[in-house]
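Undergrad: The following block contains the structure, expressed as structure tokens.
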Amino acid sequence: MSRNKGFLKRISNCVLERKLKMVMNLAGKIPEEVIEQIRTQSDIVDVISEYMQLTKRGRNWFGLCPFHGEQTPSFSVSTDKQIFHCFGCGAGGNAITFVMDIEGISFPDAVVKLGERVGVHLDVGPTLPQATTKISKAEERMKEAHAFAADFFHHLLLNTEDGEEPLNYLLERGFTRELIESNSIGWSLPSFDALTILLERKGYNLQEIADSGLVIKREGEERYFDRFRGRIMFPIRDENGKIIAFSGRILSSTGEEAKYLNSPESPIFQKSEVLYNLDKARTSIRKNRQVVLMEGFMDVLAATSVGVTNAVATMGTSLTNQHITKLKRLVEQVTICYDGDNAGFDAAKRAAQLLQTERMKVNIAVIPDKLDPDEYIQSLGGQAFKEQILENPHTYIAFMMMHARRNKNFQFENDTLQYIQEVLEQLVGSSSPIERDLYIRQLSNETTISEEAIYAQFRKLEANQVRTAKVEMPTHTPSMPVTQRQKPMDAAERAERLLLAHMLHNIDVVDRVLRSEQKEPFVRDAYMAVFVRLVGFYEEYGHPDYQRFVEILDDAELRKIVMEAALVERDPDQAESEVTDSIRQLQKYRIEQEIHQKMHESKEAEKMHEYARALEIAQQIIHLRKSLSAI
């Protein structure tokens, strides 16, 4: 490649080259040997399984592609090759590029994220634009301050006289020292500014820390004080295990203070996105193929203390679409275990409906006597909680019937009709024939209305839903990709893909093309974009490595092209003839396209009575056809 070092200079005005150099420089912040270490230690099946479900079939793993909507799994992961490829949309790459695509982050940021996962810490600044970089650095400092505060609170609880009373309280509540230590539970001093002073001494910007919610700025003054004072401190972590907020509980309620005080929302803490304990429960969730969804972190801690390792909780907010997106990456089955009071029932119904809409399997574990899970475990123990509650949940429809039945008297006609209507609305479109038969029979037994009449009403609702669906069905939905049968590739497309395949595996093919008279070996712009980047890659690294190459591409569509080409069947022993044939096919295609364009120009000239111009074009066409026949 050394004799072609002038190639990039010859296209110095090309945007593609500038983008290539930018990506190379960003990657250069991380030593190549460190990238290779992280790549080697990041098994692709383990990495992808943290985002979605995979099932082993033969030598490979398969799942529903997270990059486009599909009903049949076409997303394949190869343990041997350490790559993934979707046969539906063409997405592909390795563990690093998967994280880039699924998280929407740059290559260096993906390497840092995977590095943290395997215990390799990298001090690499964010690679985003300058304004975003400043925000990201501020957020990192906020997280560092929260980690420092958590260590401080934890030390106070376990190692000081001030922490003896709250520690005894926790132990009496059934918290083990192991649970306390593994969750970094702590104690905040009643002092007005103990943490504030420490943070200032550590060099933190107090206004920045106030923005994160740890301290509060006194209105109209430049003085700050601790937000949490005299409380048991429960750290809230993001899905990567970084502490981003706290919840503080007072020891004894006097009625003047709230029992729990939570961090406000901040640049690092958004309640609508956080699922408490997801970082610790992720492995168990994947293993158990289900997650237990709770309302509060105390319920999760209580459940964890009795051996339930796949529980998570929302943080003082209803279940959101962001929460569901995180769960769908891991499981299809959710067991909702909310409080047993009326508010908990209503919240469970809303959550179940949202999950059902997202086609997730939903069960609801109902806590009796208006207890919450924490109270139930304290009263009846962990064994009863697991056997009587979690292992004996209600199905979605059964719970909806229970919810609809509340406060209704079947002696009254309106209550009876309303109950039947509510249940049938749930059955339509979300039940199997067996479930339908079972629950309609149950409705009949409960209300003394005949099964025939209930079935008639069901069919009426079902017909209405079908008509409504037809009316509301959009004619075009560009935002929702749909798996379609791909049209057969023409000869030029096949030639481009095969030529690129040889280039990815053999640097001499690129060298040959650069020395040829053909300035643009590919006919499609996207392939030319890949080619320009590949030349730069070989200048930098000097040897073929398509997995490394795909990592520097900042465009998902270009990565898709590379992975599709890398997987093309080719004959290394026939590389010379296959490359020659591909180049010839592309030359033919280019001339055929030019002939087609000239014929169009000739017709336009004749329409305008420009016969001399038409004759000139005709002669050009004859010349092009001679060139075509000579190839």
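Undergrad: Starting from the stretch 404-466, pick out the chymotrypsin sites (Phe, Trp or Tyr not before Pro) whose DSSP state is loop and whose Cβ has at most 12 other Cβ atoms within 10 Å.
TA: In loop regions of the stretch 404-466 (DSSP not H, G, I, E or B), the sparsely surrounded chymotrypsin sites (Phe, Trp or Tyr not before Pro) are PHE412.
Undergrad: Okay, next question. If R₀ is 30 angstrom, what is the calculated FRET efficiency for the pair LYS137 and SER191, using the beta carbon separation as r and rounding to 0.05?
TA: 0.50
Undergrad: Order these by the 10 Å Cβ neighbour count, fewest first: SER272, SER106.
TA: Ordered from fewest to most neighbouring Cβ atoms within 10 Å, SER272, SER106 come out as SER272, SER106.
Undergrad: While we're looking at this one, here's another question. Given an 8 Å cut-off on Cα distances and at least 6 residues of separation, report the relative contact order of the chain as a percent.
TA: Answer for the chain is 12 percent.
Undergrad: Treat the count of other C-beta atoms within 10 Å as a stand-in for reagent exposure and order TRP61, TRP187 from fewest to most.
TA: TRP61, TRP187
Undergrad: Sticking with this one: In what sequence do CYS65, CYS337 fall when counting other Cβ within 10 Å, fewest first?
TA: CYS65, CYS337
Undergrad: Where does the charge balance sit around LEU330 when Lys and Arg score +1, Asp and Glu -1, over other residues with C-beta under 14 Å from its C-beta?
TA: Surrounding charge for LEU330 is +3.
Undergrad: Given R₀ = 22 Å, FRET efficiency for ASP525-ALA618 by Cβ-Cβ distance, to 0.05?
TA: Step by step, r from the Cβ atoms, then E = 0.15.
Undergrad: Related question: Within the stretch 311-331, find all residues whose amide N lies under 16 Å from a label point positioned 7 Å from the Cα of ALA343 along Cα-to-beta-carbon.
TA: Hits in the stretch 311-331 for ALA343 at 16 Å: 314-319.
Undergrad: To continue, here is another question. Students often get this wrong, so try it: which of (i) -0.65, -0.94, -1.28; (ii) -0.48, -0.75, -1.18; (iii) -0.58, -0.86, -1.26 is log10 I(q)/I(0) by the Debye sum over Cα atoms at q = 0.07, 0.09, 0.12 Å⁻¹ as calculated from the structure shown?
TA: (i)
All of the numbers you see were taken from the coordinates with simple rules; none came from a lab. A quick note: this is a predicted structure, and the numbers were derived from the prediction, not measured. In this analysis, Cβ positions are derived from the backbone assuming ideal geometry, glycine residues included, and neighbour counts consider all displayed protein chains.
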